[in-house]
Each structure stands twice: as structure tokens, then as C-alpha cells.
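Bear in mind these aren't lab numbers, they're just calculated from the coordinates by the rules spelled out. This structure is a prediction, so every number in the text was calculated from the model and none was measured. As a convention, Cβ positions derive from the backbone with ideal geometry for all residues, glycine included, and neighbour counts pool all protein chains shown.
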Amino acid sequence: MSVSYYIETYGCQMNVADSELIEGVLKEQGLILSHDINTADVIMVNTCAVRDHAEAKVHTRLGQFHKIKRQRPDVLIGVLGCMAQHLKNDLLENKPYVDIVLGPDSYRRLPEILRRKQEKKHIVDTKLSKYEVYDNLFPSRKEGINAWVSIMRGCDKFCTFCIVPFTRGRERSRRIESIVHEVTKAVADGFVEVTLLGQNVNSFKTGDKQFPDLLDSVAQVPGLQRIRYTSPHPQDVDSELLDVMAKHKNICNSIHLPLQAGSDRILKRMNRTYTKKHFMALADQIRNNLPGVGISTDIIVGFPGETEAEFQETLDVMHHVKFDSAFTFKYSSRPHTKAAEYTDHISEDVKQNRLERMITLQKEHTLFRNQEVVGSVLSVMVEKESKRSTDQWAGRTDSNKWVLFDKVNASVKEIVSVKINRAHGVSLHGSLVNKGVNDEVDKNI
Ligand code: 5AD
Ligand code: SF4
């Protein structure tokens, strides 16, 4: 009888992509996917270490896996991904029910490891590689609109708050031909959108080719309707990138530009390599070069030593850029990182208070940006039924805003023209104008 596996994924899109890769490896070996944790032969969790909260969730989950192992001692339990690296000792000493610990560069070994598990020994491999990019392995994707395509792995930036360079190792890029081949296959499999992924997507480099060259090649894949990418580092956003975005209609008009903080002293302490002034000028340049662009960001509050005045500088940048959306986080101290050694940590109360003020401001800006498009006709990819009403579609604009509109004469995966009637909360409400993209789309009427 076939062996079945169950997999749970925590963390960023890179982990979602890695889990699809892992599933590809397992399915090729004849294992079958199970959605029932209580009957699966192999239970795996793909973990995230970026904040304390993400790790805590996995620990709780492992407690539940432990109960299953007591009832079914033959089940295999695997901890994969970013927590494997720095928790391997804890896992081995305190969680003996965990059979397999594999870091992000060891997934190729899974078939051999599952065969060896007959020997009932714990298997640990958290070695990081300078070369592994999983070229020539094909992810097993769920059917849908968007295919995640990993283009580079690791990070060499060493922002002082971030654990990623320690859990995922050094930066390395895939070959352009291999990426284009994977994208072509995804289109043949029915995907209409791809999101190119990397911890530092615009550090992509192979030979003399850089990220804008890759985008240019991917944009020419026949039948590919939309391309997104995440996350770029502001330091490496240049006019070539903006030019290639402007040149191809299928490269979405949206950019995720992680700010992290607004004060020059904090940015320096974070090792972010840009200043407040540079960031604001870059955002202006992006809005000037790409009319109608959506800009989203990541911001951390309460980095060690952050004063109220320095926090206000982050709010200054927010006022200036008026991000379309933002992911906001309380600083979480991470092992191995430089910032963990700083002695001037900020109290939880202060962090919480700053976070709440920031979220309130961001809600105003999201509404401001959404109101700007009221009255225009935008091209919207129909993605799914609205959660609120079975009579409505939910779709995304090129600039990454959700739009709800009545279900008439359109189907999932189609790009349609929608007149935006009103902005409410984080979404837009509109009505279908006509099918297909035309020249009027994205212009104010
Ligand atoms: N604490 C809080 N947020 C963090 N991030 C990364 N490391 C930390 C940390 N130690 C945030 C950054 C990054 C996003 C993916 O997670 O904002 O851009
Ligand atoms: Fe972490 Fe900075 Fe690298 Fe992003 S660029 S993964 S925040 S070290």
C-alpha cells in the first residue's frame, strides 16, 4: 500500500513554494497526499523562525503531533525549514518523538531519508549549501491562479534584526533558462499569474544577467497574463527595474518596498544601507515612473533603542509615501542576530502602543489610496467568489488591490474591466464594464 504524507506550512511565501517542492519530491517517489493528520504515515511541518510568535505556534503544533505519535508509534514526524537550523539540539534533546530534522537546503534527500527510516534512527541534516537552488525539481502545485516560482535562495544582507541569513544561508540564484522553463510549464498547467520569489529578489544575479533581465525574459513567456515578485530590497531598486516594469503590460504595477524604519540612526543600526531621504526619493521616483503603481511595505516598531522621536520619523515616511498597504510588526529578538546583543530593548507596552498608532495611520492611507481610484476603470483578474456574497466575484487589480463586483458575464482567471464605484475599508467595490483588457483600462474616465 502507498505511503501517505501530511504537510503543514508556516511563514512566508518562500515556505509555501518550498512545501510544493517537497511535495513534488515525495509524489515522484509514489507517496500520496493525505489531508488527514490522524491517518497519514508521515507528518511534516515546514517551519518559520522570523519572529518568536511563528516559532511558538510550531511548538504548540509539535505538542499535538507528540500525542499522535503516542497513539501511533510508527508514524514519522519531520520538522523542516527555518526552525530546523537553530533548534536541532532542542529538538533532539527535548523532543525525541521528532524523527527527521531537515534544513531548507536538504529537501533533495527526503526520499533516501524516508527509506533509511526503517532503521529507526533520528535523521538530522541542517547543512546549508552555497549552491542548492533546486533547479530541475518540479514543485507539485495546487490548482489555482498564481504559481510561486523561487528564483533565488538565501540572503547576504544581514539586517541586524533578521534570522534569515542564518536559517537560509548565502545568496544564490537559479539559471534564467530553468526559471523560464518552469514558468512556461506553469502556464501550460493552467496558471495565469506567477510570483517570482526570493528573500532578496532583486539581488538575483547569474553571469552578467540581473533581476531586470530575468523579468524581461519571463514577461515574454506566451500566455502569461500577470507577473508579480517579492521581496525586493530598496537598495537594489534602480531605473532599469522600473523601466522593465513599465515596458511589459503583464508585469504588475505594484512593488513591495520594505521600509523597516524611518530614522537614519535606526536604519543604520538595522544595517539597512539606505537613508530616510533616499527611501522617500525612491518612492517618489517609483510613483512618477509608474503611474497608478501600488506600493506596499514592511515596518518594524520597537527596534532596540528606538525613541518616540525616532518612531515619529517612521510615521513621517508613511505620511510622505502613503503606502497602499503595510505589514507591521513588533520587533522580536532572534538568536544569532546582532540586534539580539543590543542592551536597550523596548518594553512590550511601548511596542504595542506604537504598533496600534501605526496601524491606525496605515488604515487612513490605505483608504486614501483606494479612494484615489474611485471613478476609474481598472483591469481586474477574477480570482474567487467573494467571502461575503456568493453573488459577487473578488479579484485583484494590477496594483494589488482587492475589488468586489457582481457576478455577471465573467469567470475565474479572466482579466476584466471594472469601474470602481467606492472604497470601503481595505477593499474596493465596482461593476463590470466589459470583458478583456483594452486601452481604456487603468485610465480615469
Ligand atoms: N522582528 C520583527 N519583524 C521582523 N521581520 C524580520 N525579522 C524580524 C524581527 N526580528 C520582518 C521584516 C521583514 C518581514 C518579512 O519580517 O519587516 O521584512
Ligand atoms: Fe532578512 Fe534583511 Fe535579508 Fe530581508 S534583506 S531576508 S530582512 S536580512
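Among the residues of segment 263-277, just one is within 16 Å of ligand 2 (Cβ to nearest atom), without any contact (Cβ under 8 Å) to a residue 60 or more places away in the chain and either among the acidic types (Asp, Glu) or surrounded by fewer than 18 Cβ atoms within 10 Å (Cβ to Cβ) (or both), namely Lys268.
A quick yes/no check of all residues on (1) surrounded by fewer than 14 Cβ atoms within 10 Å (Cβ to Cβ); (2) more than 16 Å from ligand 1 (Cβ to nearest atom); (3) aromatic (Phe, Trp, Tyr); (4) closer than 15 Å to Lys95 by Cβ:
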site	(1), (2), (3), (4)
Glu28	yes, yes, no, no
Asp36	yes, yes, no, no
Ile43	no, yes, no, yes
Val50	no, no, no, no
His53	yes, no, no, no
Ala56	yes, no, no, yes
Thr60	yes, yes, no, yes
Gln64	yes, yes, no, yes
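Conditions tested, residue by residue: (1) touching a residue at least 40 places away in the same chain (Cβ under 8 Å); (2) under 20 Å from Gly262 (Cβ atoms); (3) aromatic (Phe, Trp, Tyr).
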site: Pro335; (1), (2), (3): yes, no, no
site: Thr343; (1), (2), (3): no, no, no
site: Gln352; (1), (2), (3): no, yes, no
site: His365; (1), (2), (3): yes, yes, no
site: Phe368; (1), (2), (3): yes, yes, yes
site: Glu372; (1), (2), (3): no, no, no
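Of everything in segment 224-240 that is within 16 Å of ligand 2 (Cβ to nearest atom) and not polar (S, T, N, Q), the residue that is surrounded by the most Cβ atoms within 10 Å (Cβ to Cβ) is Tyr229.
One line per residue, one yes/no per condition, for (1) more than 14 Å from ligand 2 (Cβ to nearest atom); (2) surrounded by 21 or more Cβ atoms within 10 Å (Cβ to Cβ); (3) farther than 30 Å from Ala281 by Cβ:
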residue: Glu171; (1), (2), (3): no, no, no
residue: Asn200; (1), (2), (3): no, yes, no
residue: Phe204; (1), (2), (3): no, yes, no
residue: Leu214; (1), (2), (3): yes, yes, no
residue: Pro222; (1), (2), (3): yes, no, yes
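So, of the residues in segment 328-343 that are assigned to a loop (DSSP other than H, G, I, E, B) and among the β-branched types (Val, Ile, Thr), which turns out to be surrounded by the fewest Cβ atoms within 10 Å (Cβ to Cβ)? Checked segment 328-343; the qualifying residue surrounded by the fewest Cβ atoms within 10 Å (Cβ to Cβ) is Thr343.
In segment 217-233, the residues that are among the acidic types (Asp, Glu) form no Cβ pair under 8 Å with any partner that is away from ligand 2 (no atom under 16 Å from the Cβ) and part of a helix (DSSP H, G or I), whether six or more places apart or across chains. None of Ile346, Ile299 is part of a strand (DSSP E or B), buried (at least 16 other Cβ atoms within 10 Å of the Cβ) and of a type outside the set (D, E, K, R) except Ile299.
Only one entry of Ser332, Ser263 meets the criterion of being of a type in the set (S, T, N, Q) and either within 15 Å of ligand 1 (Cβ to nearest atom) or under 30 Å from Ala147 (Cα atoms) (or both), and that entry is Ser332. Ala17 passes every criterion in (1) under 20 Å from Arg141 (Cα atoms); (2) within 16 Å of ligand 1 (Cβ to nearest atom); (3) outside any helix (DSSP H, G or I); (4) of a type in the set (A, V, I, L, M) apart from (3). Summed over segment 1-14, the residues that are farther than 14 Å from Met44 by Cβ, hydrophobic (A, V, I, L, M, F, W, C) and either in a helix (DSSP H, G or I) or in contact (Cβ under 8 Å) with a residue 24 or more places away in the chain (or both) give a count of 2. You will find that of Phe279, Phe311, Phe327, the residue that is out of contact with any Ser or Thr (no Cβ under 9 Å at 6 or more places or on another chain) and within 16 Å of ligand 1 (Cβ to nearest atom) is Phe279 and no other. Any residue at all in segment 219-230 that's away from ligand 1 (no atom under 16 Å from the Cβ) and in contact with a His (Cβ under 6 Å, 6 or more places away or on another chain)? Yes, there is a match, as at least one residue in segment 219-230 is away from ligand 1 (no atom under 16 Å from the Cβ) and in contact with a His (Cβ under 6 Å, 6 or more places away or on another chain).
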